[in-house]
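J.: Please read through the structure below; I'll follow up with questions.
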Amino acid sequence: MSGILGKKVGMTSIFDENGVSIPCTVIEAGPCFVTQIRTKEKDGYEAVQLGFDEKPDRLVNKPAKGHFAKANVKALRLLREFRDFKAAGITIGKEVKVDLFAKGDKVSVTAKSKGKGFQGVVRRHHFSGVGMTTHGQSDRVRAPGSIGSSSYPSRVFKGMRMAGRMGFRNVTVKNLTVVQVILESNLILVKGSVPGAINTYVEITK
Amino acid sequence: MNKIKLVEATQLKTNLPEFSTGDTLNVHVRVVEGDKERIQQFQGVVIGKRGSGMGATFTIRKVSDGVGVERIFPTHSPRIAKIEKMKSSRVRRSKLYYLRDLAARQIRQKTSL
């Protein structure tokens, strides 16, 4: 597995060589820097830590400053580890760019989805609601129904799906096709949509 | 949004004639049959334009053997080989959907200069 960090730019569509319009998401990915290499001997697992998105030095606390100084890179906003990173010539401080991917690759994209706030069961869990407004139930159209009967079980089971906060969780979309890679401007286009709002950080893995 | 424009810039057509709703266009469409490619022409009145950037489309209406035919073209599609502007006319709507309900003679009156 190898991967890169980026930021969602937005969506557009482009035409392929047959003139078919392909909807795609534009992601500004990289340049990332290798900030640390985890090894079996020292850390118990193999991984590569990548950093993305420069930030000014005044926003960096001392421990982080030392961490970045070790890799000899500028301060970065986002650090993420990738297990079993397979790419040639990975050394600490090295730049990882979007040319890791090529047109036609299948990638997975992980990002934090848009927050939807407190939602009822119809929106959050696709319940169908009670459905009728007659027979004396004019106000239960979007209600969850029974959540636990009276004699058995006389309680509510753990994990019962109910209303609550929805969205703003990590979502991975697998098997997206890379449509185009623009190395000069660090852009990558993947077919289809990607979780999260514009400017959300995303992880692209292959 | 600038980065999206950067992506689109490589595919947006710059050589299109400027046309607006009410104009009569002759659109040369590339048609692929098996491994052969030929040009098909579609001539008619622009009854609407929508969208911007890569998503822009326009709708052309013509009456073929007494049957109204409408085609929606993506403005920047590579399948459009050429757009010829045959006639322009002043109309007072941005969408000419009412032409669907008019007779040919009335359409001529409506779209005459």
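The values are calculated or read from the model by the stated rules, or taken from the named source; none is laboratory data. Only a predicted model underlies this, so the values are computations on that prediction, with no experimental measurement involved. Note that we place each Cβ from the backbone using ideal geometry, even for glycine, and neighbour counts take in every protein chain shown. Accessible surface is based on the protein model in full, side chains and every heavy atom, while ligands, DNA and RNA are left aside. Shrake-Rupley method; radii C 1.70, N 1.55, O 1.52, S 1.80 Å.
J.: Kindly indicate whether A:Gly117 is free of Cβ contacts under 8 Å to residues at least 24 places away in the same chain and either exposed (fewer than 12 other Cβ atoms within 10 Å of the Cβ) or acidic (Asp, Glu) (or both).
T.: no
J.: One residue is enough: does the range B:94-104 have a residue meeting the conditions loosely packed, with under 13 Cβ neighbours inside 10 Å, touching a Ser or Thr at 6+ places or on another chain (Cβ under 8 Å) and modelled with pLDDT of 85 or more?
T.: So far as the range B:94-104 goes, yes, one or more of its residues are loosely packed, with under 13 Cβ neighbours inside 10 Å, touching a Ser or Thr at 6+ places or on another chain (Cβ under 8 Å) and modelled with pLDDT of 85 or more.
J.: Would you tally the residues in the range A:94-113 being surrounded by 14 or more Cβ atoms within 10 Å (Cβ to Cβ) and not in a strand (DSSP E or B)?
T.: 7
J.: Tell me, please, whether a residue that is of a type in the set (A, V, I, L, M, F, W, C), farther than 30 Å from B:Thr10 by Cα and more than 14 Å from chain B (Cβ to nearest Cβ) can be found in the range A:169-180.
T.: The answer is yes; a qualifying residue exists.
J.: Look through A:Gly6, A:Gly51, A:Gly30 and report the one residue that is surrounded by 15 or more Cβ atoms within 10 Å (Cβ to Cβ), in contact with a helix residue (DSSP H, G or I) (Cβ under 6 Å, 6 or more places away or on another chain) and touching a residue at least 12 places away in the same chain (Cβ under 8 Å).
T.: Criteria check complete, one pass: A:Gly30.
J.: Among the strands (runs of 3 or more DSSP E) lying completely within the range A:1-79, list those that include at least 2 residues that are among the basic types (Lys, Arg) and under 30 Å from B:Lys13 (Cα atoms).
T.: A:3-15
J.: Turning to a different aspect of this structure: For A:Asn18, are the conditions met, namely being closer than 24 Å to A:Lys106 by Cβ, open to solvent by 90 Å² or more (accessible area, probe 1.4 Å) and out of contact with any Asp or Glu (no Cβ under 7 Å at 6 or more places or on another chain)?
T.: yes
J.: For the structure I just gave you, tell me whether B:Glu84 is charged (D, E, K, R) and either crowded, with 17+ Cβ neighbours inside 10 Å or free of Cβ contacts under 8 Å to residues at least 24 places away in the same chain (or both).
T.: Here the answer is no, as B:Glu84 does not meet what is asked.
J.: On to the next question. Search the range B:1-40 for residues being of a type in the set (S, T, N, Q) and open to solvent by less than 100 Å² (accessible area, probe 1.4 Å), and hand back the single one that is farthest from the chain's Cα centre (by Cα).
T.: B:Gln11
J.: When A:Cys24 is evaluated against the numbered criteria (1) open to solvent by 80 Å² or more (accessible area, probe 1.4 Å); (2) touching a residue at least 40 places away in the same chain (Cβ under 8 Å), which criterion, by number, is the only one it fails?
T.: Against the list (1) open to solvent by 80 Å² or more (accessible area, probe 1.4 Å); (2) touching a residue at least 40 places away in the same chain (Cβ under 8 Å), A:Cys24 comes up short only on (1).
J.: For the range B:1-79, give me every one of the strands (runs of 3 or more DSSP E) that falls completely inside it and has 3 or more residues that are within 14 Å of chain A (Cβ to nearest Cβ).
T.: Answer list for the range B:1-79: B:24-33, B:36-50, B:67-74.
J.: Given the conditions (1) open to solvent by less than 30 Å² (accessible area, probe 1.4 Å); (2) free of Cβ contacts under 8 Å to residues at least 40 places away in the same chain, and given that A:Asp43 satisfies all but one, which numbered condition is not satisfied?
T.: Of the numbered conditions (1) open to solvent by less than 30 Å² (accessible area, probe 1.4 Å); (2) free of Cβ contacts under 8 Å to residues at least 40 places away in the same chain, the odd one out for A:Asp43 is (1).
J.: Still on this model: Mind listing just one residue for me: the one in the range A:120-170 that is more than 30 Å from A:Thr200 (Cβ to Cβ) and of a type in the set (A, V, I, L, M, F, W, C) and, of those, nearest to the chain's Cα centre (by Cα)?
T.: Looking at residues that are more than 30 Å from A:Thr200 (Cβ to Cβ) and of a type in the set (A, V, I, L, M, F, W, C), I get A:Met160.
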